[in-house]
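A quick write-up on the structure given underneath.
Where a number appears in this text, it was derived from the coordinates with a stated rule and is not lab data. Remember, it's a predicted structure, so these values are computed and weren't measured experimentally. Heads up, the Cβs are rebuilt from the backbone with ideal geometry, glycines too, and the neighbour counts pull from every protein chain shown.
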Amino acid sequence: MKQPKYIFVTGGVTSSLGKGIVAASLGLLLKSRGYRVTIQKLDPYINVDPGTLNPYEHGECYVTEDGAETDLDLGHYERFLNQPTSQANNVTTGRIYQSVIEKERRGDYLGKTVQIIPHITNEIKRRIKMVGRGGDYDIIITEIGGTVGDIESLPYIEAVRQLRWELEENNSVIIHLTLIPYLAASGELKTKPTQHSVRLLMESGIQADVLVCRTEHQIPKEVIAKLTQFCNVKPGHVIECLDAPSIYEVPLMLREQHFDDVVLRELELSTESNPDLLKWKEFLNNWRTPQKEIKIALVGKYVSLQDSYKSITEAFTHAGARLQTRIHVKWVYSGDLKPGNLSENLSDVDGILIAPGFGDRGTDGKVFAAQFGRENGIPVLGICLGMQMMAVEFARNVLGLENAESTEFNTQTPHPVINLMEDQKNVTNKGGSMRLGNWSCNLKENSVIHEIYQNDSILERHRHRYEFNSDYYDDFDRATFRPTGINPETGLVEILEYDNHPFYIGVQFHPEYKSTVIQPHPLFIAFVNAALKYKFKQEN
Ligand code: GLN
């Protein structure tokens, strides 16, 4: 089996420069030239995974097919590469230590003192190599979270240094992403922070091979030359990464500078094939020149950090481009919604997305938003908690079940239309214990959802503990808020759709995780279409 080649993406100067987007863009360029590529993220925090992190702090928690709760960068990897990632694609310091400590307890290191070097670094190297073990990939891109110089990322940098040494020449390449700040007062782009950051990396024994420089202004030739010389990289190895109007422009910007050729040459891989970016460009053209526009309210609790809903807004971008429609997201904090201000907040939108979430703050607002959308014929899509709140609203206001509620928020409710899943009842650990990842769902014939998916059975990703209570199945069905998607093994209700409405669908799963640039999600396309129809009707 041929050994894969390794690309490491490190970051310097400051965080939030978009390492994930650069890694995903490079992955796309290499994949579009016929290479089999995957991308992995190493996160230097101590949590075993981000599943228990507050979205305010860390943005969205992404979920893979195999049920891993991961960093949101994995969402970018999937959306750019149009291929799934897995548990192995996201490794945290917590997970590394967890396995080392488990081994220590088992006696695997008997007699030895367990140390950061070599035990932690060995485990990091093992995790990096593990992704390529099946022989499925020619190239593995590993993004190292954090910024060079952080105490937390030191073991990762050291592991990369060792691995690079073990791999011998031309089997790995180091890409260092930095910032070239612009000083408005003197009108200059400054290279010093980058020089320092490259030097810091060198102190750990790693020479950057390629610099990718984030910048607000084009970098003049002399500045590029200076960076090349002072940072000790080959000519052509300083790549400019200008702020872009869309993250999806980045691969093309990097391609123009032959970023992929530079990397392939360093790895002694062929540069003969031309990248096939036809579909990507088609998407971008549609995105750039929308013919229509709509406004969708995103009703959620974490709206103050929009990264909390990353996959949802990206899914809108994909579906919007497919329909040549610019989608303006109106961020609505669910905690602010009251019966008295619904019209003020929601009557100017063409669709309402009721977002996933945890905890009871703002859930009443979600119920009110659902009611407003249902009663006014505004298209509504509810995801996970959103679907659950649509069920609560329907139970209260249509079925007349007073104080109907999810037992997540009121265990004493007389009408627990949403309750804890049976197999969750004995769960005490919070980490990684929800119903996670891909579950199948059978779609009923003669349903809107069947028409949308054009399929009898689907696989979608989940992340929840509560579910629709089947005791209310018949009541809902009779009142035509019909359960139209059912898990074949457990009978769990995964989809509710209301007949007396142009588009009123709640799904227990997260369709947003599956949407990619090349394959926008059918449910998002259908929702956007419904919003377009609604807007057209309002105007005529
Ligand atoms: N809190 C709800 C549950 O656990 C919904 C979760 C979600 O929206 N992802 O079932």
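Those residues that are more than 13 Å from the ligand (Cβ to nearest atom) and either of a type in the set (G, A, S) or not in a helix (DSSP H, G or I) (or both), I need them from segment 393-409; list them, please.
We begin by selecting, within segment 393-409, every residue more than 13 Å from the ligand (Cβ to nearest atom); these are 393-404.
Hits for segment 393-409 are A395, V398, L399, G400, L401, E402, N403, A404.
β-branched (V, I, T) and either more than 24 Å from L179 (Cα to Cα) or surrounded by fewer than 23 Cβ atoms within 10 Å (Cβ to Cβ) (or both): is that true of V22 in this structure?
Details: β-branched (V, I, T): yes; either more than 24 Å from L179 (Cα to Cα) or surrounded by fewer than 23 Cβ atoms within 10 Å (Cβ to Cβ) (or both): no.
Spelling it out, it is not the case that V22 is β-branched (V, I, T) and either more than 24 Å from L179 (Cα to Cα) or surrounded by fewer than 23 Cβ atoms within 10 Å (Cβ to Cβ) (or both).
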Query raised in the report: Does segment 313-331 contain any residue that is within 13 Å of the ligand (Cβ to nearest atom) and within 27 Å of the chain's Cα centre (by Cα)?
Result: no
Query raised in the report: Looking at (1) buried (at least 23 other Cβ atoms within 10 Å of the Cβ); (2) without any contact (Cβ under 8 Å) to a residue 40 or more places away in the chain; (3) basic (K, R), which is the one condition that is false for K514?
Result: (2)
Report task. Just name the residue that is nearest to the chain's Cα centre (by Cα) out of those in segment 509-540 that are small (G, A, S) and not in a loop (DSSP other than H, G, I, E, B). Result -> A526
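Has segment 278-291 got any residue that is of a type in the set (D, E) and either over 24 Å from G75 (Cβ atoms) or touching a Ser or Thr at 6+ places or on another chain (Cβ under 9 Å) (or both)?
Step one: filter segment 278-291 for residues of a type in the set (D, E), giving 282.
Subset that is either over 24 Å from G75 (Cβ atoms) or touching a Ser or Thr at 6+ places or on another chain (Cβ under 9 Å) (or both): none.
Looking through segment 278-291, none of the residues is of a type in the set (D, E) and either over 24 Å from G75 (Cβ atoms) or touching a Ser or Thr at 6+ places or on another chain (Cβ under 9 Å) (or both).
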Report task. Of all residues in segment 342-364, count the ones that are in contact (Cβ under 8 Å) with a residue 40 or more places away in the chain and either of a type in the set (D, E, K, R) or within 22 Å of H501 (Cβ to Cβ) (or both). Result -> 14
Query raised in the report: Of all residues in segment 346-392, which are within 15 Å of the ligand (Cβ to nearest atom), buried (at least 23 other Cβ atoms within 10 Å of the Cβ) and among the charged types (D, E, K, R)?
Result: K366
Query raised in the report: Which condition number does S270 fail, the rest of (1) free of Cβ contacts under 8 Å to residues at least 40 places away in the same chain; (2) surrounded by 14 or more Cβ atoms within 10 Å (Cβ to Cβ) being met?
Result: (2)
Query raised in the report: What pairs can you find where one residue is in segment 377-406 and at positive phi, the other is among the polar types (S, T, N, Q) and within 13 Å of the ligand (Cβ to nearest atom), and their Cβ atoms are less than 9 Å apart, with a gap of 6+ or different chains?
Result: C384/Q508
Query raised in the report: Any residue at all in segment 71-81 that is farther than 19 Å from R127 by Cα and basic (K, R)?
Result: yes
Query - Yes/no for I151 being hydrophobic (A, V, I, L, M, F, W, C), closer than 16 Å to T10 by Cβ and free of Cβ contacts under 8 Å to residues at least 60 places away in the same chain - result: yes
Report summary line: Among strands (runs of 3 or more DSSP E) entirely within segment 410-508, at least 1 residues that are within 13 Å of the ligand (Cβ to nearest atom) occur in 416-420, 435-443, 457-464, 466-468, 493-498, 504-507
Report task. Kindly check whether there is at least one residue in segment 283-293 that is in contact with a Lys or Arg (Cβ under 6 Å, 6 or more places away or on another chain) and either among the small types (G, A, S) or surrounded by fewer than 24 Cβ atoms within 10 Å (Cβ to Cβ) (or both). Result -> yes
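Would you tally the residues in segment 410-441 being crowded, with 17+ Cβ neighbours inside 10 Å and either over 30 Å from D499 (Cβ atoms) or in contact (Cβ under 8 Å) with a residue 12 or more places away in the chain (or both)? Give the steps one after another, and end with the answer.
Restricting attention to segment 410-441, the residues satisfying the condition of being crowded, with 17+ Cβ neighbours inside 10 Å are 413, 415-420, 434-439, 441.
Checking the rest, the ones that are also either over 30 Å from D499 (Cβ atoms) or in contact (Cβ under 8 Å) with a residue 12 or more places away in the chain (or both) come to 415-420, 434-439, 441.
Number satisfying all stated conditions: 13.
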